[in-house]
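Coordinate-derived values only; no laboratory data. Small disclaimer: the values here were computed from a predicted structure and weren't measured. When we count neighbours, we look across all protein chains shown, and the Cβ atoms used for this are built from the backbone with ideal geometry, even at glycine.
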Amino acid sequence: MINDVLKDAEGRMKSAIAALEENLSGIRTGRASPALVEKIQVDYYGTPTPLYQMANISVPEALLIVIKPFDKSTIKDIEKAIRASELGLNPS
């Protein structure tokens, strides 16, 4: 009985730590990070799709994130999703 409780508690703690690590990866630190935008949901042919599945995301400079979509026709949808994300980012 106690072993079951311990296993359950351990599993729940591990999932809580994983969730915390994921949330902390998106914190703005004054430096650009792909984690800031990779989970943005883009309306891709009527289906919400994470940005990282639609484009290459790179950080060539400290304050610049470059997003290169696999399908060039999705650029407007990606810009719209970034503006709607309320991250304060300005796609150009």
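List the GluC sites (Glu not before Pro) in the stretch 32-92 that DSSP assigns to loop (not H, G, I, E or B) and whose Cβ has at most 13 other Cβ atoms within 10 Å. Which are they? Mind showing how you got there, number by number?
Details: sites: Glu38, Glu61, Glu79, Glu86; in loops: Glu38, Glu86.
Within the stretch 32-92, the qualifying GluC sites (Glu not before Pro) (loop, at most 13 other Cβ atoms within 10 Å) are Glu86.
With Rg and Dmax of the Cα atoms in Å in mind, check (i) 16.6, 57; (ii) 17.5, 59; (iii) 15.4, 54 and report the label derived from this structure.
(ii)
Taking the stretch 2-60, which chymotrypsin sites (Phe, Trp or Tyr not before Pro) meet the DSSP loop condition and have no more than 14 other C-beta atoms within 10 Å? Could you put the intermediate results ahead of the total?
On the way: sites: Tyr44, Tyr45, Tyr52; in loops: Tyr45.
In loop regions of the stretch 2-60 (DSSP not H, G, I, E or B), the sparsely surrounded chymotrypsin sites (Phe, Trp or Tyr not before Pro) are Tyr45.
Provide, for the chain, the number of lysine pairs with alpha carbons under 17 Å apart, each pair being eight or more places apart or on different chains. Present the calculation step by step, with values, prior to reporting the outcome.
Numbers: Lys39/Lys68; Lys39/Lys80; Lys68/Lys76; Lys68/Lys80; Lys72/Lys80.
Going through the chain pair by pair, I get 5.
For the chain, which span is the longest to avoid every loop-located (per DSSP) member of trypsin sites (Lys or Arg not before Pro) having at most 16 other Cβ atoms inside 10 Å? Present the calculation step by step, with values, prior to reporting the outcome.
Numbers: sites that count: Arg28, Arg31, Lys39.
The longest such stretch corresponds to 40-92.
Using only Cα atoms, tell me the angle between helix 75-84 and the longest principal axis of the chain; keep it within 0 to 90° and round to the nearest 10.
The angle comes out near 60 degrees.
Just to confirm the number: angle between the C-alpha axis of helix 2-25 and the first principal axis of the chain, 0 to 90 degrees, nearest 10?
20 degrees
Going toward the positive end of the dipole of the stretch 2-84, with +1 on Lys and Arg Cβ and -1 on Asp and Glu Cβ, which of Ile57, Leu20, Ile75 do you reach last?
Ile75
Say R0 is 35 Å: what FRET efficiency, to the nearest 0.05, do Leu89 and Ser15 get from their beta-carbon distance?
Working: r = 30 Å, r/R0 = 0.85.
After rounding, the FRET efficiency stands at 0.75.
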